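Please read through the structure below; I'll follow up with questions.
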Amino acid sequence: MQPQPNCCPNPHLTIVQQLCWMPSHGQNLQRCRHCGTYWRFDWEERMNFEGGEDYVWEYYTCLTPEETEQLRKGEEGDFPNS
Ligand SMILES: [Zn+2]
């Protein structure tokens, strides 16, 4: 995981699919329009207990084709078509 995508010199990510959406945490599947690499993007809002501003913690995880496939299947539910 990393703070910025680095799949190619000038990554341009677009959201493919929302995976998780909660008030303080979200996760989605993104794809680079330049090189086609899939990334999982996670963000989380963190309270600052020392009195400063809250901040959003976010990171990207580069996905293999297998991982991408799993995430996309997961969104359709655990029940196979019968
Ligand atoms: Zn790229």
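A short reminder: the numbers here are calculations on the coordinates, not readings from a lab. All figures in this text were calculated on a predicted structure; none of them were measured in a lab. Cβ placement follows ideal geometry from the backbone for every residue including glycine, while neighbour counts extend to all protein chains displayed.
Shape verdict for the chain, please, from the Cα gyration tensor: rounded (a/c under 1.5), prolate (a/b greater than b/c) or oblate.
On the way: a/c = 3.02, a/b = 1.33, b/c = 2.28.
Since a/c reaches 1.5 but b/c is at least a/b, the shape of the chain is classed as oblate.
Counting other C-beta atoms within 10 Å, and keeping those with at most 10, which DSSP coil GluC sites (Glu not before Pro) do you find in segment 28-68?
Working: sites: E44, E45, E50, E53, E58, E66, E67; in loops: E50, E53.
Those that pass, being in a loop and sparsely packed, are E50, E53.
Can you find, among Y55, Q30, P9, the residue sitting farthest towards the positive end of the charge dipole of the chain, where Lys and Arg contribute +1 and Asp and Glu -1 at Cβ?
About the Cα centre, the residue reaching furthest to the positive side is P9.
May I ask for the angle, rounded to the nearest 10°, between helix 65-75 and the longest principal axis of the chain, with both axes built from Cα atoms and the value confined to 0 to 90°?
The angle comes out at about 80 degrees.
Taking the Cα centre of the chain as origin and charging only Cβ (+1 Lys, Arg; -1 Asp, Glu), how large is the dipole, in debye to the nearest 20?
Details: 6 positive and 13 negative charges, 88 e Å.
Its charge dipole is roughly 420 debye.
Now a separate question. Filter the chymotrypsin sites (Phe, Trp or Tyr not before Pro) in segment 1-53 down to the DSSP loop ones having no more than 11 other Cβ atoms within 10 Å, then list what survives. Intermediate results must be reported in sequence, preceding the final value.
Values: sites: W21, Y38, W39, F41, W43, F49; in loops: F49.
Sites meeting the loop and neighbour criteria: F49.
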